[in-house]
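K.L.:
Got a structure here, written out as C-alpha cells. Questions coming.
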Amino acid sequence: MNKRIRNRLLIVLGVTLLSVWRVAAFPGVVPSIAHVKENIRLGLDLKGGTHLVLQVVTDDAIRAETDQAIETIRQVLVRENIIFRQLTRTQNNEFKVVGVDPAKDADFRRILNERLTEWDLVSTLGDVPNTYTLRLKPAQGQAFREQSVDQAINTIRNRIDQLGVGEVVIQKHGGPGENEVLVQLPGMDDPARVKGIMQSTALLELKLVDSGPFPSPAAAAQNYGGVIPANLEVLPSVERDLPSSSEGSSYVVQRVASISGRDLKGAYPSRDENGRPAVSFNLSADGAQRFGRVTEENIGKMLAIVLDGRIQSSPRINGRITDSGIITGGTAGFAPQAAQDLALVLRSGALPASIKYLQEQVVGPSLGADSVRAESPDSFGRHGVLRCDLNATRNCGRDFDHRCRHRLECADL
C-alpha cells in the first residue's frame, strides 16, 4: 500500500476512534450507555418535550424606567435645594413634578435638559402653579421595550442553563411589537418547576417603611385620611407573627426602591435566625455605597425586603449596612428546594418585566419518528432522488489519482 494512503487511513481511523470515544465515554474513560445518552442530546422533534410561547409584559419595564427617572430627579432636586410639592407617576411612561419653586424655575429646566435627555417636557399646566409633565420619548420607549425582551431571553436562558436541561430553544417569536418568546424544552413532560422558575420575576427591592404593620390595606389607608400619598404604596407582608385580617397584614412603604435587584452581585441559600432555609444576597460596589448611605440616614426606621411585590421581612435599621442582606421565607419559611430556586433566579438576574404564557403544548417524539420513517428506502421514489451509477475504467492502478477516469450516469426517477 502506498505510504501516503496508509498515513491518511491511519489519520481517518484515529479521528473516527476519538469521535466514538468522545460520544461513548466522555467525560469518563470507559464507554457506557449512560455516557452515550448524556452526550447525544436530542431535540424536541426526536425526544419530545414541552413547547411554550411566552409574552413579555413590556409595560412593566417602561413603568420601572419612569420610577427610576422620578427617583433620579427627586435626589437632584433635594441636593440642589429646589423645593417642590410632589413627584408622581401619572402613566406608565409619564410623570409630574408638582409645585416647583418659581424662583428656581431656570435651575429646574436646566436639570431636566442635563439629566432627563430621554424625556420630553409636554406640559407646564396643572391645578398647582409650576407643574411640569414629562413623557418618555417614543423612540426611547420602543428601545426600552426591545431591550426588555432581549434581557428576558437572556435571563430565562441563564435560569434554564443552571438547571441542566438539554438542548433548549429560546428565541424571539411572533411579529414586531408582539414581544413574544419561544421556549422548547426537550425531554420535559411535566415542566411545572421550570415554568415557575422562568415566570418568577424575582424582582428584589429594598424599600423604606413609612408606617405599619396594619391588619389590612383599608386600615393602612385610614392612617392617611383614606388616601395613600402618591409617593407611597401599600404592600402585603408574609412575615410571621404580625397582626392580620383575612386579607393579611400590610405596610406602607416608599413607592420607589432604595435598592433593587439590579444592584445584586450574588445570592445563595442560607439559614435564618431560627434555622429555617433562607436566601442571603450581596450587593455590587455601587449598590453597597447607596445602601450604606440610605441606612445611615434612616437609623431607627424599618426597611422592607420586598420580593415580587410582597414583603418578606422588615428589619429595623440599627446602624449603617453596606453590602449584604437576607430574605426569609414568611410565616413558614422557605422549603429547601424553594430557597435554592430563589437563589438561582436572583443570581441569573431579575426579569425586566413579568411574563405570561400564551401557549403551552406537550409534544411527543412521534414527529421525529415520522420523519425517520419518511426517509425509508420505500419512500425514495416519491421524493425524486437521484440514482447514480459509477463506472470506473479499468487499469487505474493503486494510486486512484487524477489519471483514473470515472463516468457518472445519473437518472432522475
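The values are calculated or read from the model by the stated rules, or taken from the named source; none is laboratory data. Note that the coordinates shown come from a computational prediction; the quantities given were computed from them, not determined experimentally. Counting neighbours? That spans all protein chains shown, and the Cβs are built from the backbone with ideal geometry, glycine included.
K.L.:
Might you check whether a residue that is loosely packed, with under 13 Cβ neighbours inside 10 Å and modelled with pLDDT of 70 or more occurs anywhere in the range 363-372?
P.N.:
Scanning the range 363-372 turns up no residue that is loosely packed, with under 13 Cβ neighbours inside 10 Å and modelled with pLDDT of 70 or more.
K.L.:
Being touching a His at 6+ places or on another chain (Cβ under 8 Å), of a type outside the set (S, T, N, Q) and either closer than 28 Å to PRO352 by Cβ or at pLDDT 90 or above (or both) is the requirement here; does VAL53 meet it?
P.N.:
Answer is yes for this residue.
K.L.:
If I filter the range 265-276 down to residues being surrounded by 14 or more Cβ atoms within 10 Å (Cβ to Cβ) and out of contact with any helix residue (DSSP H, G or I) (no Cβ under 6 Å at 6 or more places or on another chain), which single residue comes out as nearest to ARG347 (Cα to Cα)?
P.N.:
Once the filter is applied, the top-ranked residue is LYS265.
K.L.:
Take ARG115 and decide whether it is in contact with a strand residue (DSSP E or B) (Cβ under 6 Å, 6 or more places away or on another chain), at pLDDT below 90 and charged (D, E, K, R).
P.N.:
no
K.L.:
Let me ask something else. Going by the structure shown, is PRO213 under 26 Å from the mean Cα position of the chain (by Cα), modelled with pLDDT of 85 or more and part of a strand (DSSP E or B)?
P.N.:
no
K.L.:
Still on this structure, please answer the following. Which of the residues that make up the range 316-332 are modelled with pLDDT under 80 and in contact with a strand residue (DSSP E or B) (Cβ under 6 Å, 6 or more places away or on another chain)?
P.N.:
ASP323, SER324, GLY325, ILE326, ILE327, THR328
K.L.:
Only one of (1) crowded, with 21+ Cβ neighbours inside 10 Å; (2) assigned to a strand (DSSP E or B); (3) touching a Lys or Arg at 6+ places or on another chain (Cβ under 8 Å); (4) of a type outside the set (A, V, I, L, M, F, W, C) is not met by GLN312, so which one is it?
P.N.:
Failing condition for GLN312: (3).
K.L.:
How many residues does the range 114-154 contain that are farther than 14 Å from PHE95 by Cβ and touching a helix residue (DSSP H, G or I) at 6+ places or on another chain (Cβ under 8 Å)?
P.N.:
7
K.L.:
Scan the range 233-249 for residues that are at pLDDT 90 or above and either over 31 Å from the mean Cα position of the chain (by Cα) or not acidic (Asp, Glu) (or both) and report the count.
P.N.:
Adding up the residues that qualify gives 3.
K.L.:
Among residues belonging to the range 170-210 that are among the β-branched types (Val, Ile, Thr) and modelled with pLDDT under 85, point out the one that is farthest from SER314 (Cα to Cα).
P.N.:
VAL194
K.L.:
Quick one: is VAL279 assigned to a strand (DSSP E or B) and either within 23 Å of ALA61 (Cβ to Cβ) or among the charged types (D, E, K, R) (or both)?
P.N.:
Judged against the criteria, VAL279 is not a match.
K.L.:
Give the residue that is nearest to GLN340 (Cα to Cα), with candidates limited to residues of the range 277-309 that are of a type in the set (A, V, I, L, M, F, W, C) and surrounded by fewer than 14 Cβ atoms within 10 Å (Cβ to Cβ).
P.N.:
Taking the candidates together, the pick is ALA285.
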